[in-house]
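Undergrad: Have a look at this one before I ask anything.
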Amino acid sequence: MPKFRRSQNRTKVIPLPLSIGGWCLVNPGGDPFGDAVRAPTLTDGLRACRDAGITHVSFHDRDLYPDDAPQEIIDEKVDQVLRLLEDSGLKVLCFTTNLFSNPCFRSGAFSSPIPAVRQAAIVKGCRSVHAAKRLGALNIIFWGGREGTEVFEQDSGEGVRNYLLGARAVIVYAIAQGYQGTFTFEPKVYEPRFHSFAATGAAMGSGIREFFPETELAARVKINPEYPQHVAMLGLNPAIELGQLLEEDLLGPCIHFGGQPPCRMDADFAPGLGGSPTDDFHVCKLLHDATYRGFVEFDCRPLRTSASEHAIRLFARQCVAYWRQLEQKVVTFRRDPIIRALQAEIFGEPIAQLEDVLTVTMPNAAADSNVVIDAVNRLPIRTFAETAAIDTDAIEAFGYRVQQIVCGTHREGATMFCGTRWAAAQAKTADAPVESEAEEASN
Ligand code: GLT
Ligand code: MN
């Protein structure tokens, strides 16, 4: 376990590489109530992404060829896409078997209570492995939007088991076929099924531990969450889930990213629209504090009001600009004297006896009972009244300062700390570097 506090990590902010869902680029803007409003081409979308600074793209099998396509058509379509990729210079990040659009999967796919449907899902998943290999996809995503129920026609535990064992069959087959990449489960709280077997990062993390216990598999089977959309649509906070995924080494080679008004249907808005910039900042900061080196993959699309062929260019630029702004804010945060003073006060000095207790009770420490009891008995005695008397005002002040950094008002906002015990740090903000912030993020 790390000895330093990740929240105080001061390593360089190296901009994360960026990717996008190919399906986002060709999204025609229809919704359940209204028709398509645009007919964007993949060629234009890929070029717009390349020009904006996105280097990778992902696909579903069904984005490229029909579900019942014969092998020659599959090969031909894959060849076509490879030519388009050459033209734009983008590379493939993820490949997904679409196990949700075909009506045959209306009762679920891997998790369906009907064996013939579960079999169809495994066949489709295994078939995709070959296309994923040809495209050079670094990761295979399993998205279980259809894996769930409305009426509990089967035992829900069995549904989860069927889901994970079906995906496992495909993963083991992919490895047998020599696929070298990783595999990720992408959770979503609900939709299109009302009650999902794959709802949260915690649910999938627990499933992975149980159904992929082998070291080799556990190292290659992870989670790609979608923030904020797939958690904020139920009012959950992405930064809480992401912290746990990083801590437990369950985060795969990408996160999906976009914009989402909380507690609404999956919006897939452009990043920065509809959600909480503070939560987005914490997502970005968590990744950089953990020195994450995976991709940020935009899984979102222009609004339906954007019906012209120009919209995709501005959209691609917004995706990139918003993420890079968040990274700039992480740099500002790390250099900010007020944040440093507040963190120093909040975290305080380590207590040796506390560290001892945690060491002897760690996972696999297997310490003798007497050692554990002695360690606990050596904890310094303090009354709860004394502990209650500790000044914790720095915590709320930290929230205010983060809000200023996120809103970009930290320079003028620093004066708010005049006359507080953080005034000395406030004075230092006057000499804090301004121009070099950009350097740190672009190195
Ligand atoms: C589906 C879903 C997305 C997932 C896709 C994974 S499947 O399009 O809406 O959030 O990321 O390929
Ligand atoms: Mn997604």
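Undergrad: Within the chain, which is the longest segment containing none of the GluC sites (Glu not before Pro) that sit in a DSSP loop and have at most 10 other Cβ atoms within 10 Å?
TA: Segment 215-434 is the longest.
Undergrad: What do you get for the angle between helix 42-52 and the principal long axis of the chain? Use alpha-carbon atoms, 0 to 90 degrees, nearest ten.
TA: So the helix axis and the longest Cα principal axis differ by about 20 degrees.
Undergrad: Rounding to the nearest 10 and keeping the result within 0 to 90°, find how far the Cα-based axis of helix 156-176 lies from the longest principal axis of the chain.
TA: Approximately 80 degrees, to the nearest ten.
Undergrad: Radius of gyration and Dmax for segment 269-333's Cα atoms, expressed in Å?
TA: 13.1, 40
Undergrad: How much net charge surrounds GLY125 when only the other residues with a Cβ under 15 Å from the Cβ of GLY125 are counted, with Lys and Arg +1 and Asp and Glu -1?
TA: Here the charged neighbours net out to +3.
Undergrad: Something else: Which FRET efficiency, nearest 0.05, do ASP68 and GLU247 yield, Cβ-Cβ r, R0 51 Å?
TA: It comes out at approximately 0.70.
Undergrad: Then there's this: For HIS310 and ASN377 in one chain, what is 0.36 nm times their gap in residues minus the Cα-Cα distance, to one decimal in nm?
TA: Net length gain for the segment: 17.2 nm.
Undergrad: Any idea what angle helix 311-335 forms with the longest principal axis of the chain, computed on alpha-carbon atoms, 0 to 90 degrees, nearest 10?
TA: Roughly 20 degrees between the two axes.
Undergrad: Moving on to the next point. As a test of the formula, what do you get for the chain when each DSSP H run with n ≥ 4 contributes -39,500 (n - 2.57) and the sum is divided by the residue count, at 222 nm and rounded to the nearest 500 deg cm²/dmol?
TA: Only helices count here, giving -14500 deg cm²/dmol.
Undergrad: For the charge dipole of segment 18-135, defined by +1 on Lys and Arg C-beta atoms and -1 on Asp and Glu C-beta atoms about the Cα centroid, which residue among VAL81, PHE110, ASN27 has the Cα displaced farthest towards the positive pole?
TA: Result: PHE110.
Undergrad: Could you grab the relative contact order for the chain? Cα pairs under 8 Å, six or more apart, rounded to a whole percent.
TA: Dividing the mean separation by the residue count of the chain yields 16 percent.
Undergrad: Still on this model: Assigning unit charges at the beta carbon (Lys, Arg +1; Asp, Glu -1) and nothing else, what dipole magnitude in debye, to the nearest 20, does segment 337-441 show about its Cα centre?
TA: 260 debye
Undergrad: Oh, and also: Enumerate the amide H contacts of SER58 below 5 Å, restricted to partners 5 or more residues apart or on another chain; note that Pro and chain-start residues carry no placed amide H.
TA: Those lying under 5 Å, H to H, from SER58 are ILE20, GLY21, GLY22, LEU93, CYS94.
Undergrad: To the nearest 0.05, how large is the calculated FRET efficiency for CYS104 and ALA218 if R₀ is 30 Å and r is the Cβ-Cβ distance?
TA: 0.45
Undergrad: Treating only the Cβ of Lys, Arg, Asp and Glu as charged (+1, +1, -1, -1), what charge dipole size does the chain show about its Cα centre? Round to the nearest 20 debye.
TA: Computed charge dipole of the chain: roughly 560 debye.
Undergrad: Would you grab the residues whose amide H sits under 5 Å from the one on PHE257? Only those 5+ places off in sequence or on another chain, please, with H modelled 1.01 Å from N.
TA: For PHE257, whose amide H was placed from the backbone, the distant partners under 5 Å are TYR227, GLU297, PHE298, ASP299.
Undergrad: Treating only the Cβ atoms of Lys and Arg (+1) and Asp and Glu (-1) as charged, compute the dipole magnitude of segment 218-293 about its Cα centre; round to the nearest 20 debye.
TA: 140 debye
Undergrad: Identify, among ALA385, ILE338, GLY399, the residue whose Cα sits farthest towards the positive end of the charge dipole of segment 337-441, taking +1 on the Cβ of Lys and Arg and -1 on the Cβ of Asp and Glu, with the dipole about the Cα centre.
TA: About the Cα centre, the residue reaching furthest to the positive side is ALA385.
Undergrad: Could you work out the mean projected area of the convex hull around the alpha carbons of segment 18-334, in square nanometres to one decimal?
TA: Taking a quarter of the hull surface, the average projection is 15.5 nm².
Undergrad: Give me the lysines in straight-line cross-link reach of LYS285: C-alpha distance below 17 Å, same-chain residues under 8 apart excluded.
TA: Within the straight-line limit of under 17 Å, LYS285 reaches these lysines: LYS12, LYS329.
Undergrad: Continuing with the same structure: Pull up all non-local amide H partners of PHE185: gap of 5 or more, or a different chain, and H-to-H distance under 5 Å with H placed in the peptide plane.
TA: PHE142, LYS222, ILE223, ASN224
Each reported figure results from applying straightforward, stated rules to the coordinates on display, with no laboratory input. From a predicted model like this one, the values you see are computed outputs, not experimental measurements. As a convention, Cβ positions derive from the backbone with ideal geometry for all residues, glycine included, and neighbour counts pool all protein chains shown.
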